1. Which condition number in (1) open to solvent by 30 Å² or more (accessible area, probe 1.4 Å); (2) over 29 Å from A154 (Cβ atoms); (3) in a loop (DSSP other than H, G, I, E, B) is the one that D238 fails?
2. Of the residues that make up the stretch 199-211, is at least one modelled with pLDDT of 90 or more, more than 21 Å from H124 (Cβ to Cβ) and not in a strand (DSSP E or B)?
3. Write out, first by first residue and then by second, each pair whose Cβ atoms fall under 8 Å of each other, whose residues are 6+ apart or on separate chains, and whose first residue, in the stretch 191-206, is without any contact (Cβ under 8 Å) to a residue 60 or more places away in the chain and over 12 Å from L167 (Cβ atoms) while the second is part of a loop (DSSP other than H, G, I, E, B) and β-branched (V, I, T).
4. Taking only pairs six or more apart or across chains, which ones have beta-carbon atoms under 8 Å, a first residue in the stretch 154-175 that is of a type in the set (S, T, N, Q), and a second residue that is loosely packed, with under 10 Cβ neighbours inside 10 Å?
5. Filtering the stretch 241-259 down to residues that are surrounded by 11 or more Cβ atoms within 10 Å (Cβ to Cβ) and of a type in the set (D, E), which residue is modelled with the lowest pLDDT?
6. Just to verify a result, which residue in the stretch 185-197, among those that are open to solvent by 80 Å² or more (accessible area, probe 1.4 Å) and under 19 Å from P224 (Cβ atoms), is modelled with the highest pLDDT?
7. Looking at G185, G225 in this structure, which one is in a loop (DSSP other than H, G, I, E, B) and more than 60 Å from the chain's Cα centre (by Cα)?
8. How many residues does the stretch 167-182 hold that are assigned to a strand (DSSP E or B) and more than 20 Å from R223 (Cβ to Cβ)?
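The values are calculated or read from the model by the stated rules, or taken from the named source; none is laboratory data. It should be emphasised that the depicted structure is a prediction, and the values quoted were computed from it without experimental measurement. Note: ideal-geometry Cβ built from the backbone for every residue, glycine included; neighbour counts use all protein chains shown. With ligands, DNA and RNA removed, areas are computed over all heavy atoms of the protein, side chains included. Shrake-Rupley method; radii C 1.70, N 1.55, O 1.52, S 1.80 Å.
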Amino acid sequence: MALSASPAFAQEADPIGALLEQAQTPPPPEPVAQPPAQAPAVETPPASPPPSSSAPVSTAPPPAVYTPPPAAYTPPPAAYTPPPVYNRPPVQAPLPYVNPPPTYAPPTYAPPASRRPRLTAPVHIDEIGKTPEGPPTATDLNYEARMRSSFNSAQGMQGPLDGAWTLRSGGSELYDLQLVDTGSGSLEGAWRDPRRRGAVDASGFIDSISRVGGQLTIRLTPRPGAAPSIIMLSAGNDGGWSGELNERGEHRSVTLRRN
């Protein structure tokens with residue numbers, strides 16, 4: 001059994017067969033060697049010919065050497081001199097109060113004396129000469145002067161009939177008229193009957209006033225429900241007016257004068 005097993009083992013590992021197979025297998029191709037790379041050719045410039053003896057020789061002098069200009073002189077800064085120190089007199093401390101200041105005492109208020117006069121009876125509006133006030137002071141007089149000046153300036157811009165007038169007949173007063181003449185042609189006003197002083201219907205507004213050249217016509221109603229009174233006047237040379245009054249059918253001659 002040992003002999004039968006050895007040939008089988010020798011047949012499986014045959015060294016000679018392996019060598020023969022290795023000899024029959026062609027060897028692998030060898031790598032082809034590359035030729036070495038050549039370095040690039042460098043061009044050499046042609047050599048310059050030697051200088052000829054016949055070339056002209058320069059006789060000019062060599063250029064001068066540059067010399068920089070000298071720097072400007074800068075004087076050194078002057079030495080600092082401090083300002084003089086003034087000897088100020090010493091400040092003397094305030095002296096303390098020997099005596100304390102007196103205590104302030106406000107003056108006693110005394111009301112001014114009344115300038116209003118003592119009246120024993122009431123003053124009516126018609127009593128022009130009396131007044132419930134005292135005599136005017138300097139401030140009152142200055143104020144009144146300014147008011148009168150303003151009134152006169154405004155009055156100078158009015159028409160010739162503007163102001164207070166009185167209608168008389170034979171020396172007796174019939175009507176007091178207050179006319180407004182703006183200078184633009186329109187006239188208006190009010191009236192008062194001094195013959196019926198204190199009556200409720202003794203005053204009123206004038207119904208109409210018309211002025212044509214030197215003729216003036218005034219129409220007013222003296223009592224409610226009564227017939228109107230018509231005053232027809234003509235301008236005079238003295239600035240007044242004269243004409244006729246038609247009152248309740250009675251005609252009388254009248255004059256109109258400024259107060």
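1. Among (1) open to solvent by 30 Å² or more (accessible area, probe 1.4 Å); (2) over 29 Å from A154 (Cβ atoms); (3) in a loop (DSSP other than H, G, I, E, B), D238 violates only (2).
2. yes
3. From the stretch 191-206, the pairs are G204/T221.
4. Sorted first by the residue in the stretch 154-175, then by its partner, the pairs are T166/N259.
5. Checked the stretch 241-259; the qualifying residue modelled with the lowest pLDDT is E247.
6. R192
7. G225
8. Looking only at that region, the number is 4.
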